Amino acid sequence: MRVLLLSDIHSNYQALTAVVRDARDRGPVDAIWNLGDTVGYGPDPGQCVRFLQDEGAVSVAGNHDLGAIGRISLSDFNPYAAAACRWNGSQITHEEAAFLGSLPLRVEEGPFTLAHGSPRDPVWEYLFSEDTARQNFPLFNTPFCLVGHTHVPLAFTLEDRDGRQQCRGALLAPEVPLKLEQGIRLIYNPGGVGQPRDGDPRAAYLIYDVSAGTVELKRVPYDIAVTQEKMARAGLPRFLIERLAIGY
Ligand code: ZN
């Protein structure tokens with residue numbers, strides 16, 4: 001069994017479909033777990049929501065999903081994000097909005113807890129530092145956790161060394177299968193599908209191979225120009241259009 005782990009699709013249908021196609025080219029995909037921010041920033045919110053519904057994906061809600069449906073205030077968003085989020089909200093149907101509104105903030109799947117930002121604050125907390133990760137490890141019950149929100153592929157590990165708990169963070173490298181081990185707790189971030197921010201503009205995702213007990217980062221090129229053209233036609237902020245090409 002292989003599970004596709006996605007985050008921060010951000011209404012980028014070109015990136016989403018490229019990722020799913022790439023995963024299927026490599027083998028069967030039995031489930032999709034989506035870590036939120038399905039909408040916001042990009043040009044195709046309805047198409048991305050419907051695609052995930054059709055795939056039967058397990059999803060949690062991110063800040064942009066909640067912002068687009070008016071569940072949280074856009075005053076905490078930067079002006080570009082707020083403008084795009086407002087536009088995204090205006091483009092989705094009542095059914096699509098209701099679907100986003102029905103998503104949980106945290107969910108457990110197998111040995112993983114899924115949350116958009118962090119287990120402590122699924123909506124807003126950015127899990128970037130070892131310190132923040134250390135504070136979050138006691139706050140979920142499963143051995144492993146998956147988060148998104150930073151758009152950067154990261155791994156945090158917590159293990160006992162000589163009776164002391166040690167927390168380490170590292171960037172994930174593509175094409176390196178990482179073994180899930182007993183006694184080592186992990187928080188993984190698959191990076192961003194629709195708006196990567198680690199300097200690599202290719203869409204990012206993780207494959208969880210359940211029988212092998214491994215998780216592996218993949219990077220996939222997609223037609224960035226098509227997404228950018230759609231964004232320009234929608235009148236979305238130029239900064240958001242240009243950042244896709246540089247992966248920031
Ligand atoms: Zn995001």
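The residues of segment 98-141 that are farther than 27 Å from residue 45 by Cβ and of a type in the set (A, V, I, L, M, F, W, C), listed by number, are 133, 137, 139, 140. Looking at segment 110-117, is at least one residue among the hydroxyl-bearing types (Ser, Thr, Tyr), out of contact with any His (no Cβ under 6 Å at 6 or more places or on another chain) and either within 16 Å of the ligand (Cβ to nearest atom) or in a loop (DSSP other than H, G, I, E, B) (or both)? So far as segment 110-117 goes, no, none of its residues is among the hydroxyl-bearing types (Ser, Thr, Tyr), out of contact with any His (no Cβ under 6 Å at 6 or more places or on another chain) and either within 16 Å of the ligand (Cβ to nearest atom) or in a loop (DSSP other than H, G, I, E, B) (or both).
Kindly establish whether residue 40 is in a loop (DSSP other than H, G, I, E, B) and within 22 Å of residue 145 (Cα to Cα). Step through it out loud before you land on a result.
Details: in a loop (DSSP other than H, G, I, E, B): yes; within 22 Å of residue 145 (Cα to Cα): no.
Here the answer is no, as residue 40 does not meet what is asked.
Criterion applied to 115, 97, 81 was being modelled with pLDDT of 95 or more and touching a strand residue (DSSP E or B) at 6+ places or on another chain (Cβ under 7 Å), and the one residue passing it is 115. The sole residue among 174, 122 that is in contact with a strand residue (DSSP E or B) (Cβ under 8 Å, 6 or more places away or on another chain), within 16 Å of the ligand (Cβ to nearest atom) and not aliphatic (A, V, I, L, M) is 122.
Considering (1) part of a loop (DSSP other than H, G, I, E, B); (2) more than 19 Å from residue 189 (Cβ to Cβ); (3) within 16 Å of the ligand (Cβ to nearest atom), the lone condition that residue 70 does not fulfil carries the number (3). Among the residues of segment 183-190, are any closer than 20 Å to residue 63 by Cα, without any contact (Cβ under 8 Å) to a residue 60 or more places away in the chain and crowded, with 18+ Cβ neighbours inside 10 Å? Within segment 183-190, not a single residue is closer than 20 Å to residue 63 by Cα, without any contact (Cβ under 8 Å) to a residue 60 or more places away in the chain and crowded, with 18+ Cβ neighbours inside 10 Å.
Quick one: which strands (runs of 3 or more DSSP E) lie wholly within segment 130-248 and hold at least 3 residues that are modelled with pLDDT of 95 or more and farther than 21 Å from residue 33 by Cβ? Quick ask: steps written out before the conclusion?
Numbers: elements: 144-146, 153-161, 164-171, 185-190, 203-209, 214-220.
Passing ranges, in order: 164-171.
Selection within segment 1-31: residues that are closer than 18 Å to residue 84 by Cα and of a type in the set (A, V, I, L, M). The member of this set that is farthest from the ligand (Cβ to nearest atom) is 15.
The values are calculated or read from the model by the stated rules, or taken from the named source; none is laboratory data. Small disclaimer: the values here were computed from a predicted structure and weren't measured. Note that we place each Cβ from the backbone using ideal geometry, even for glycine, and neighbour counts take in every protein chain shown.
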